[in-house]
Amino acid sequence: MVVILGCLVVPGCVLGGFMWAGGPVESLIHPSEILTIGGASLGALIIMSPTSVLKNLVKGMIQAIKGSPYSVKTYEETFCALYELFRIARRDGLLALESHISDPSKSSIFGKYPGVIKQHHALVFLVDGLRQLVDGASADDLALLFDADLETQHEQEHQPVALLKTTGDSLPGLGIVAAVLGIIITMSHLDGGPEEIGHHVAAALVGTFLGILLCYGLVAPLATSAEMSGLAEHRYMLCIKDALLAAARGSTP
């Protein structure tokens, strides 16, 4: 929710400063400029994004707005769950884990730690790793599998962020496009009075203003926030990876 606060602070401070300096807010209200810039940027995003990446982008934006779920409590629950699983494996053998990894939602261990159940990708990663342990995979084989899995997930998470950054970088240019269109309209009204010409020039300049503001005040920060959320998930899964590798090497729970 901190992201929402930031998204309100940026336009609030910009408009507040403009009004403080004596600027009339109504001079910034030009729906046609918003349609030109917003529609063009959205169209460009659709053109360069496969459907799967667009879906991941929407999910990433929602997650960025909600904030990272990987709190201290989530880590503590994960470590407790891992400890119990590894203790059972040491005491009763690896096959004793079958009942817990076949359906984690019905597991007596995972059921005690809802913070672990909620992390879908990490839970699948953990259960798959435990299944490889039960099947007798060595620590070296597990390390290769984990690295390949994490690398693939990192690439999938990076694609939506890269597209969002590219879209943000295009916004100032699209603002110039809107401004040029505004100047063309102004040129067709040169026979009007100074007030009419001034109105059209102001509308053209609003296009440049919106493009730059949306780029550096909204889209770029959102892309960075989504990237940080992806890094938080990556660090969380690295902890699971190291724990599973330690178990494969025979370390105590």
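The values are calculated or read from the model by the stated rules, or taken from the named source; none is laboratory data. Given the structure is predicted, the values throughout are model-derived calculations rather than measurements. Cβ coordinates were reconstructed from backbone atoms using ideal geometry, including for glycine residues, and neighbour counts include every protein chain displayed. The protein model used for the area step is the full one, side chains on, heavy atoms only, and it has no ligands, DNA or RNA in it. Shrake-Rupley method; radii C 1.70, N 1.55, O 1.52, S 1.80 Å.
Kindly establish whether Met228 is farther than 30 Å from Leu82 by Cα, surrounded by fewer than 16 Cβ atoms within 10 Å (Cβ to Cβ) and out of contact with any Lys or Arg (no Cβ under 6 Å at 6 or more places or on another chain). No: the conditions fail for Met228. Close contacts from segment 236-253, counting a first residue that is of a type in the set (D, E, K, R) and a second that is open to solvent by less than 20 Å² (accessible area, probe 1.4 Å), with Cβ to Cβ under 8 Å and a gap of 6+ residues or different chains, come to Lys241/Phe125; Lys241/Gly129; Lys241/Phe146; Lys241/Leu150; Arg249/Ala139.
Considering segment 78-105, the residues that are under 11 Å from Val127 (Cα atoms) and outside any helix (DSSP H, G or I) include one that is farthest from the chain's Cα centre (by Cα), namely Ser102. With respect to (1) assigned to a helix (DSSP H, G or I); (2) exposed (fewer than 13 other Cβ atoms within 10 Å of the Cβ), the lone exception for Ser108 is condition (1). Checking every residue in segment 196-210 against the condition of being out of contact with any Gly (no Cβ under 9 Å at 6 or more places or on another chain) and open to solvent by less than 30 Å² (accessible area, probe 1.4 Å) gives zero matches. Residue-level analysis places Ala89 among those that are under 13 Å from Leu130 (Cα atoms), touching a residue at least 12 places away in the same chain (Cβ under 8 Å) and among the small types (Gly, Ala, Ser).
The sole residue among Ile109, Ile88, Ile117, Ile101 that is of a type in the set (Val, Ile, Thr) and in contact with a His (Cβ under 6 Å, 6 or more places away or on another chain) is Ile109. For segment 1-48: of the residues being among the hydroxyl-bearing types (Ser, Thr, Tyr) and over 16 Å from Leu171 (Cβ atoms), which is modelled with the lowest pLDDT? The extreme case among them is Ser27.
Please verify whether Ile88 is open to solvent by 30 Å² or more (accessible area, probe 1.4 Å), out of contact with any Asp or Glu (no Cβ under 6 Å at 6 or more places or on another chain), β-branched (Val, Ile, Thr) and at negative phi, treating the condition exactly as stated. Considered against the rule, which asks whether it is open to solvent by 30 Å² or more (accessible area, probe 1.4 Å), out of contact with any Asp or Glu (no Cβ under 6 Å at 6 or more places or on another chain), β-branched (Val, Ile, Thr) and at negative phi, Ile88 comes out as no.
Taking (1) assigned to a helix (DSSP H, G or I); (2) open to solvent by less than 70 Å² (accessible area, probe 1.4 Å); (3) out of contact with any Lys or Arg (no Cβ under 7 Å at 6 or more places or on another chain) in turn, Ile185 satisfies each apart from (2).
In segment 112-126, which residues are open to solvent by 10 Å² or more (accessible area, probe 1.4 Å), under 24 Å from Gln63 (Cα atoms) and part of a helix (DSSP H, G or I)? Scanning segment 112-126 gives Pro114, Gly115, Ile117, Lys118, His120, His121, Leu123, Val124.
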